1. Quick one: how many residues across region 133-152 are out of contact with any Phe, Trp or Tyr (no Cβ under 9 Å at 6 or more places or on another chain) and either modelled with pLDDT under 95 or assigned to a strand (DSSP E or B) (or both)?
2. Please name all residue pairs, on different chains or six or more residues apart, with Cβ atoms under 6 Å, provided the first residue is in region 191-204 and is part of a helix (DSSP H, G or I) and the second residue is at pLDDT 90 or above.
3. For region 153-166, how many residues meet the condition of being assigned to a loop (DSSP other than H, G, I, E, B) and either aromatic (Phe, Trp, Tyr) or open to solvent by 40 Å² or more (accessible area, probe 1.4 Å) (or both)?
4. State all residues of region 22-65 that are hydroxyl-bearing (Ser, Thr, Tyr), in contact with a helix residue (DSSP H, G or I) (Cβ under 8 Å, 6 or more places away or on another chain) and open to solvent by less than 70 Å² (accessible area, probe 1.4 Å); if no residue qualifies, say none.
5. Condition test on ALA197, is it under 15 Å from SER121 (Cβ atoms) and open to solvent by 20 Å² or more (accessible area, probe 1.4 Å)?
6. Within region 167-186, how many residues are open to solvent by less than 50 Å² (accessible area, probe 1.4 Å), free of Cβ contacts under 8 Å to residues at least 40 places away in the same chain and assigned to a loop (DSSP other than H, G, I, E, B)?
7. Please work out which residue is farthest from GLY208 (Cα to Cα), limiting yourself to region 30-39 and to residues that are out of contact with any Phe, Trp or Tyr (no Cβ under 7 Å at 6 or more places or on another chain) and not in a loop (DSSP other than H, G, I, E, B).
8. With VAL144, VAL124, VAL132 as the choices, which residue is out of contact with any Leu (no Cβ under 6 Å at 6 or more places or on another chain), open to solvent by 40 Å² or more (accessible area, probe 1.4 Å) and either among the β-branched types (Val, Ile, Thr) or closer than 29 Å to THR60 by Cα (or both)?
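The values are calculated or read from the model by the stated rules, or taken from the named source; none is laboratory data. This is a predicted model, so every value here is computed, not measured. Ideal geometry is used to build each Cβ from the backbone, glycine not excepted, and the neighbour counts take in all protein chains shown. What goes into the accessible areas is simple: the full protein's heavy atoms, side chains included, and nothing from ligands, DNA or RNA. Shrake-Rupley method; radii C 1.70, N 1.55, O 1.52, S 1.80 Å.
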Amino acid sequence: LLKEAGADLVGFGQVAPWLPADLADLPVAISAAVHLSGRIIGEISVTDGPTQTYFHHYRTVNTLLDQMALKAMLQIQRWGYEALAIPASQSMNEKEQRYRGRFQHRLAATRAGLGWIGKNSCLVTPTYGPQVRLVTILTNMPLVTDDPVTESRCGECRRCGDACPAGALAGNLQWTPGVEREALVDPSLCSHHMKKAYQHIGRGAVCGICF
């Protein structure tokens, strides 16, 4: 269903140990990824930053992901199970959840076997690298789950860290499960730079140089 709706990658993972109390009854994560346009990503310049086309593409793909997740969530409900679609791009903006969604798409994706967390703190997939956007559906449907990814394949590469104009990436730490996001990236530095440098491309903040 998700692939028919536009997903390029789909996986299923057990996430029970990482769920907050209000989501503890939904232990399975369905992770779906859409491959971004290589042509559009290729127009992002380390010197000039993201383009207006990329900003529009980013928002359009997020809308597609939300529609895909909605279709899947409603179908799971019709089958008699509980499900909750986590928005593709939504920060809760609570003090203790700053720059975080309700549940982390990248965690779900690693548990579902789609890839590992790169030194840019983004999901890196074997097929498409980091050029994907993600969405997650949490459910109590008894799905057969995939093998989780538990180690990085970035090796010595640190191109993303060297390219980051905000200096927000550590660039040298290999991800393993349990590594805190803040050990890889300073989300505050990243966000502040985007808002300062790239407002001319659209009302919002995106970058994409580390892709």
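1. Residues of region 133-152 that are out of contact with any Phe, Trp or Tyr (no Cβ under 9 Å at 6 or more places or on another chain), as a first pass: 134-135, 137, 147-148.
The next check asks that each one be either modelled with pLDDT under 95 or assigned to a strand (DSSP E or B) (or both); those that pass are 134-135, 137.
Within region 133-152, residues that are out of contact with any Phe, Trp or Tyr (no Cβ under 9 Å at 6 or more places or on another chain) and either modelled with pLDDT under 95 or assigned to a strand (DSSP E or B) (or both) number 3.
2. Once the first residue is part of a helix (DSSP H, G or I) and sits in region 191-204, its partners that are at pLDDT 90 or above give HIS193/ALA166; MET194/CYS207; ILE201/PRO50; ILE201/GLN52; ILE201/PHE55.
3. If we filter region 153-166 for residues that are assigned to a loop (DSSP other than H, G, I, E, B), which is where we start, we get 153-158, 164-166.
Retained after the next criterion (residues that are either aromatic (Phe, Trp, Tyr) or open to solvent by 40 Å² or more (accessible area, probe 1.4 Å) (or both)): 153, 156-158, 165.
The qualifying residues number 5.
4. Let us first name the residues in region 22-65 that are hydroxyl-bearing (Ser, Thr, Tyr), namely 31, 37, 45, 47, 51, 53-54, 58, 60, 63.
Going one step further and asking which of them are in contact with a helix residue (DSSP H, G or I) (Cβ under 8 Å, 6 or more places away or on another chain), we end up with 31, 37, 51, 53-54.
Within region 22-65, SER31, SER37, THR51, TYR54 qualify.
5. Details: under 15 Å from SER121 (Cβ atoms): no; open to solvent by 20 Å² or more (accessible area, probe 1.4 Å): yes.
No; evaluated as a whole, the condition is false for this residue.
6. Let us first name the residues in region 167-186 that are open to solvent by less than 50 Å² (accessible area, probe 1.4 Å), namely 168-171, 175, 179, 181, 183-185.
Those still in the list that are free of Cβ contacts under 8 Å to residues at least 40 places away in the same chain too: 168, 183.
Keeping just the survivors that are assigned to a loop (DSSP other than H, G, I, E, B) gives 168.
Qualifying residue count for the region: 1.
7. We begin by selecting, within region 30-39, every residue out of contact with any Phe, Trp or Tyr (no Cβ under 7 Å at 6 or more places or on another chain); these are 31-34, 36-39.
Narrowing the set further to residues that are not in a loop (DSSP other than H, G, I, E, B) leaves 31-34, 38-39.
Values: SER31: 21, ALA32: 20, ALA33: 16, VAL34: 15, GLY38: 12, ARG39: 13 Å.
In this case the residue turns out to be SER31.
8. Details: VAL124 fails: open to solvent by 40 Å² or more (accessible area, probe 1.4 Å); VAL132 fails: open to solvent by 40 Å² or more (accessible area, probe 1.4 Å).
Only one candidate passes the filter, namely VAL144.
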